[in-house]
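J.: Input: one structure, supplied below.
The values are calculated or read from the model by the stated rules, or taken from the named source; none is laboratory data. In this text the structure is predicted, and so the values were computed from the model without any measurement. As a convention, Cβ positions derive from the backbone with ideal geometry for all residues, glycine included, and neighbour counts pool all protein chains shown.
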Amino acid sequence: MRLRTIVWKELRERPTAMFTGVLAVMLGVTALVALRHVTVFSEREVGRQLNQLGANILIVPKGASLQDYYSADNNGQTLPEEHVDEILLATLTGVEKLSPKLCVPADIDGQPITLTGILPQSEFEAKAAWQTASMFKQPHVGCQRAHSPPTAEDRSPAALATQRTIEQLNHQDVVFGAEAAARHDVHVGDHVTLLGAPFEVLAILPETGTADDSRVFAHLHRVQDLSDAGSVVSAIEVLGCCEDAAGDLVPQLAKLLPDSRVVTISQVVETQVNVNRLMSGVSILVLVVLVLVGGASVLSTIASNVRERRREIGTLVALGATPRLVSLLFLLKATWLGAIGGLGGAALGVGVAMWLGPRWAGISVLPLYDVAAMAVGAAIGVTLLAAYWPARQAARLDPCICFREV
Amino acid sequence: MQRLAVFLATVALTGSFAQAQDASPARDVQQVLTSAAADGRFTFILFYRDNGPATQAMLATLQQALTDRDDEATLTYVDVNKRGQKPVIDRFGVGRAPMPLTVAVAPNGAVTGVFARSLTEARVADAFATPNMARCMKSMQEGRLVFVCIGLDDGADVPAGVRDFRTDPEFDGRSDVVAFSAYDPAEKDFLDQLKVDPAALRSPVTAFLAPPAVLVGKFGPAATKNEMAAALHAAGKCCDDPNCKHNHGGQQAKPATSARRNSR
């Protein structure tokens, strides 16, 4: 009979002991893998937002919640739209584009949806004169670059997903987020009714993984008229040309618009960064718990196993089994426990993270094979370490004493 | 006594505004602009939503500032609540602007000043752009590049580099030339802003301007088309910040900004 067969039979003969040992390891690994997955993807999301939106500034009403940059404009509070023109008239250095937004609830065939009013950049052309008139007498300092005509990429409606602005948008047009289009089975050129008015679908945005995916975008002034909201906006996104300019702009904008809250993307994601840091700390704690609880459980299982199997160990040794073989027997059993618990825990942990990630943290989670492999390795390592002492004790058993006890 | 004086002044101003309001609707603002342009006068258009204290204060400042400039400027008013004023409101894009708001328009149609909510006499005076400055503003407000060719005599020549630039397929039809003499007294303010000192000038100079109002560079008569094009591309990158989105490869240079910020 081979060593592997002996171990497998031994495990099958004591299913309860095996189950408790595996369960302890598996739960620890599940928690570790799930936490690590959510943390890693949350950190990636923060990094992506900082890279993509680092130069952007959000102007929202004073009491607006800022848990998520992309949802900050959907807070039920409003600002006067004239703030947009006040920013333009102030001709602040570093302001590239302005994107005021108004979110109102709407429905399509009875299904609720968020309708977001946006102002196309073409609307600002008439106001270009304001900038020229005010800026002409100022020297070219810092981030005051020469404007160039919009590129083909700027003119594409998909720019709304990548650049947060759209060049052209007629009053009769709507742009659907990817998820909203799929949910309502809407295609380019289709006609939809929103807030009682007919619209034609101009474009469907590529998936962004943000709240924008589930929205429908229309011209700000049409949305204001249809919703009777008046000349108000939920938020104004200021697209700065660089992160440093954004940092310098915040106090100037705060002074210009004292009734508003002015924040950079770094400030918006600060909470998320702190949560990520906390989760990293918790991951370490879970690893410690895995080592202590899983290790103690395996130690107890193997140690009691050695005690219960003294006669069999004595027989094996009497038949010529070396101490190394006896020791290997228990270490192999521990490896099996660690591997089964580790693999089960890793699979469960990935599943939990993929299910909870979008619900709790608003992020999509995909399997991280290196994290799963490391967790399985850690589980095997912990069980081997825990089994080392009882395995050594078993290897040192004297067959004469074993038979005398029997 | 002081309160009485303020009261009387307010009544007087309100009265003058009411008279002006009565007079203004009869004349289409477009007609005012056309007439002022024909006379070579600036037009100051006061857009207002109500006849509140801010509107009164702005009107008072405007009237005061334009007292001695009857031959240079015309003042007109637009009530943004009136449907008939929509064309002029749309033309200047002020439908949702903070009110009251004054727009200064040069005889050539260039907007030379936009003032919201409050106004000072000094800012009104600043809105009187010189004729060539107004030409430059008009061009830039239409999204065009401008070569300001400043010569040493009356007939300023357009340098060969500028001519080559303007005929280059990449820039064809995108630029205007404004040429004048460095010794034209009417352009003193403009030359000051371009930092061109006629007394120190030894050869013609060309100032290259790009929208919204960026001085791309100043070039001597021997400057080539390529030098000007390079300066224009450099002006498009906005600043030397390695993380600037107009700076190619900015993302790769992330640590540089952090280091710089930390050193502040």
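J.: Of the residues A:Val352, A:Val365, A:Val376, A:Val371, only one is buried (at least 18 other Cβ atoms within 10 Å of the Cβ) and over 21 Å from A:Val291 (Cβ atoms); which?
T.: A:Val365
J.: B:Asn108 fails exactly one of the following numbered conditions: (1) under 23 Å from B:Ser181 (Cβ atoms); (2) crowded, with 19+ Cβ neighbours inside 10 Å. What is the number of that condition?
T.: The number of the failed condition is (2).
J.: B:Pro87 - would you say it is surrounded by fewer than 16 Cβ atoms within 10 Å (Cβ to Cβ) and within 14 Å of chain A (Cβ to nearest Cβ)?
T.: So B:Pro87 fits the description; yes.
J.: Step by step: first the residues of region B:194-217, then only those that are charged (D, E, K, R) and over 20 Å from the mean Cα position of the chain (by Cα), then the one that is farthest from B:Met133 (Cα to Cα). Which residue is that?
T.: B:Arg202
J.: If you don't mind, another one. For B:Cys136, indicate whether it is under 20 Å from B:Leu191 (Cβ atoms), in the same structural domain as B:Pro212 (by TED's automatic domain parsing), assigned to a helix (DSSP H, G or I) and in contact with an Asp or Glu (Cβ under 9 Å, 6 or more places away or on another chain).
T.: So B:Cys136 passes the test.
Yes or no, residue by residue, for (1) away from chain A (no Cβ under 14 Å); (2) modelled with pLDDT of 90 or more; (3) surrounded by fewer than 21 Cβ atoms within 10 Å (Cβ to Cβ):
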{"residue": "B:Ala210", "(1), (2), (3)": "no, no, no"}
{"residue": "B:Ala213", "(1), (2), (3)": "no, no, no"}
{"residue": "B:Gly217", "(1), (2), (3)": "no, no, yes"}
{"residue": "B:Ala222", "(1), (2), (3)": "yes, no, yes"}
{"residue": "B:Ala230", "(1), (2), (3)": "no, no, yes"}
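J.: Could you list, in sequence order, the residues of region B:38-67 that are farther than 16 Å from B:Pro107 by Cα and of a type in the set (Lys, Arg)?
T.: Residue satisfying the conditions is B:Arg49 alone.
J.: Shifting gears a bit: Across region B:120-133, what is the number of residues that are closer than 12 Å to B:Met58 by Cβ and within 12 Å of another protein chain (Cβ to nearest Cβ)?
T.: 1
J.: Then there is this: Scanning for something in the same structural domain as B:Gly52 (by TED's automatic domain parsing), assigned to a loop (DSSP other than H, G, I, E, B) and more than 15 Å from the chain's Cα centre (by Cα), does region B:105-116 turn up at least one residue?
T.: No - not one qualifying residue is present in region B:105-116.
J.: Within region B:106-119, which residues are closer than 12 Å to B:Phe42 by Cβ and at the interface with another protein chain (Cβ under 8 Å from one of its Cβ atoms)?
T.: B:Ala110, B:Val111, B:Thr112, B:Gly113, listed by residue number.
J.: A follow-up question, please. Kindly indicate the residue of region A:367-406 that is outside any helix (DSSP H, G or I) and modelled with pLDDT under 90 and also farthest from A:Val286 (Cα to Cα) among those meeting that condition.
T.: Only one residue fits best here, namely A:Val406.
J.: Within region B:172-187, identify whether any single residue is more than 30 Å from A:Leu92 (Cβ to Cβ) and in contact with an Asp or Glu (Cβ under 6 Å, 6 or more places away or on another chain), and answer yes or no.
T.: yes
J.: Moving on to the next point. Quick one: which residue in A:Ala372, A:Ala395, A:Ala339, A:Ala378 is in contact with a Lys or Arg (Cβ under 8 Å, 6 or more places away or on another chain) and assigned by TED's automatic domain parsing to the domain that holds A:Arg277?
T.: Within the list A:Ala372, A:Ala395, A:Ala339, A:Ala378, the selection yields A:Ala395.
J.: Does A:Ala321 meet the test of being of a type in the set (Gly, Ala, Ser), assigned to a helix (DSSP H, G or I), crowded, with 16+ Cβ neighbours inside 10 Å and out of contact with any Asp or Glu (no Cβ under 7 Å at 6 or more places or on another chain)?
T.: Spelling it out, it is not the case that A:Ala321 is of a type in the set (Gly, Ala, Ser), assigned to a helix (DSSP H, G or I), crowded, with 16+ Cβ neighbours inside 10 Å and out of contact with any Asp or Glu (no Cβ under 7 Å at 6 or more places or on another chain).
J.: Restricting to region B:139-163, give me the number of residues that are part of a loop (DSSP other than H, G, I, E, B), more than 19 Å from B:Val196 (Cα to Cα) and not small (Gly, Ala, Ser).
T.: The number of residues fulfilling the criteria is 2.
J.: Next question. Looking at A:Ser122, A:Ser134, can you tell me which residue is out of contact with any Pro (no Cβ under 7 Å at 6 or more places or on another chain), within 14 Å of chain B (Cβ to nearest Cβ), at pLDDT 65 or above and not in a loop (DSSP other than H, G, I, E, B)?
T.: Only one candidate passes the filter, namely A:Ser122.
A quick yes/no check of all residues on (1) closer than 17 Å to B:Val146 by Cβ; (2) in contact (Cβ under 8 Å) with a residue 24 or more places away in the chain:
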| position | (1), (2) |
| --- | --- |
| B:Asp176 | yes, yes |
| B:Ala179 | yes, yes |
| B:Ala186 | no, yes |
| B:Asp192 | no, no |
| B:Ala199 | no, no |
| B:Arg202 | no, no |
| B:Thr206 | yes, yes |
| B:Leu209 | yes, yes |
| B:Ala213 | yes, yes |
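J.: Additional query: Here is a check on your reading of the model: is B:Val196 in a helix (DSSP H, G or I) and crowded, with 17+ Cβ neighbours inside 10 Å?
T.: For B:Val196, the condition - in a helix (DSSP H, G or I) and crowded, with 17+ Cβ neighbours inside 10 Å - is not met.
J.: Quick test of your reading of the structure: B:Val103 fulfils all but one of (1) closer than 25 Å to A:Leu119 by Cβ; (2) free of Cβ contacts under 8 Å to residues at least 40 places away in the same chain; (3) within 14 Å of chain A (Cβ to nearest Cβ). Name the failing condition by number.
T.: Against the list (1) closer than 25 Å to A:Leu119 by Cβ; (2) free of Cβ contacts under 8 Å to residues at least 40 places away in the same chain; (3) within 14 Å of chain A (Cβ to nearest Cβ), B:Val103 comes up short only on (2).
J.: Checking the conditions here, which among A:Gly342, A:Gly281, A:Gly351 is touching a residue at least 60 places away in the same chain (Cβ under 8 Å) and in a helix (DSSP H, G or I)?
T.: Going through A:Gly342, A:Gly281, A:Gly351 in turn, the sole match is A:Gly342.
J.: Continuing with the same structure: Is it true that some residue in region A:186-193 is surrounded by fewer than 18 Cβ atoms within 10 Å (Cβ to Cβ) and modelled with pLDDT under 70?
T.: There is no residue in region A:186-193 that is surrounded by fewer than 18 Cβ atoms within 10 Å (Cβ to Cβ) and modelled with pLDDT under 70.
J.: Filter region A:157-193 down to the residues that are within 29 Å of A:Gly240 (Cβ to Cβ) and of a type in the set (Ser, Thr, Tyr) and list them by number.
T.: Within region A:157-193, A:Thr162, A:Thr165 meet the criteria.
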